[in-house]
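Undergrad: One structure coming up, written as structure tokens, with questions to follow.
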Amino acid sequence: MRVYQFRHVSSSELNKMHRGGKDVQWEKYPPRGTMPRIACPCPFILAVAMALQHYIEAAQGYLELGMVDEALAELERVPEAERLHEDVEQLRVYILMRARRWDEAIAVCLALRAERPELTLSYIHGAFCLHELGRTTEAMRLLQEGPASLLREPIYYYNLGCYHAVLGNPEEAQSCLRTSFNMDDKFREIARYDPDLEGVIENL
């Protein structure tokens, strides 16, 4: 299942996502109607899966309308046994980030890493939240401690580049950004609008 990821931006530009820095609507996670249908001969298990899907899609709908409290409330309706489901926790992170409730989002990412340490999302978003709180050194350390699969993601290098730039390491920032651009050229356009990269992007 595709996971939508935040690129690193300042909090004032949190809705500028992977499209050349242009304002776009908050992207859905996952796209509504694409939650996998679970084929199962057991009616009880099937009913649980359908109920979980209902809560997730309802929360998505509220999030699209900017109603973050209602979206979180919908996730609280998920049965306790299913609240730690990967899809529920990932969506909770997105909602909390939308509300700029960074500390709470960090806590959810921490729980995700404990349950599923191979998931890159909890490292990328956890680091993003740390940076938004001014804890950029911790953000960089968290990314660097992540799974090897992060090295296949251009956003990993892009965010590292941003963190290096903020911490006053322009050469390291440029090296990371070049890697990101080579992996996905759309990050080159995104970088033009990122205030963290002022004084760095001009030399790339």
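Undergrad: Which one of 154, 117, 195 is within 17 Å of the chain's Cα centre (by Cα) and modelled with pLDDT under 95?
TA: None of the others qualify; the one that does is 117.
Undergrad: In the range 57-137, which helices (runs of 4 or more DSSP H) lie fully inside it and hold 3 or more residues that are exposed (fewer than 15 other Cβ atoms within 10 Å of the Cβ) and not basic (Lys, Arg)?
TA: 68-76, 102-115
Undergrad: Right, another one. Residues in the range 167-175: is at least one touching a residue at least 60 places away in the same chain (Cβ under 8 Å), surrounded by fewer than 22 Cβ atoms within 10 Å (Cβ to Cβ) and either of a type outside the set (Asp, Glu) or in contact with a Lys or Arg (Cβ under 6 Å, 6 or more places away or on another chain) (or both)?
TA: Looking for residues that are touching a residue at least 60 places away in the same chain (Cβ under 8 Å), surrounded by fewer than 22 Cβ atoms within 10 Å (Cβ to Cβ) and either of a type outside the set (Asp, Glu) or in contact with a Lys or Arg (Cβ under 6 Å, 6 or more places away or on another chain) (or both), one finds none in the range 167-175, hence no.
The values are calculated or read from the model by the stated rules, or taken from the named source; none is laboratory data. The shown structure was predicted, so the numbers you read here are calculated from the model rather than taken from an experiment. Positions of Cβ are backbone-derived with ideal geometry, glycine not excepted, and every protein chain shown enters the neighbour counts.
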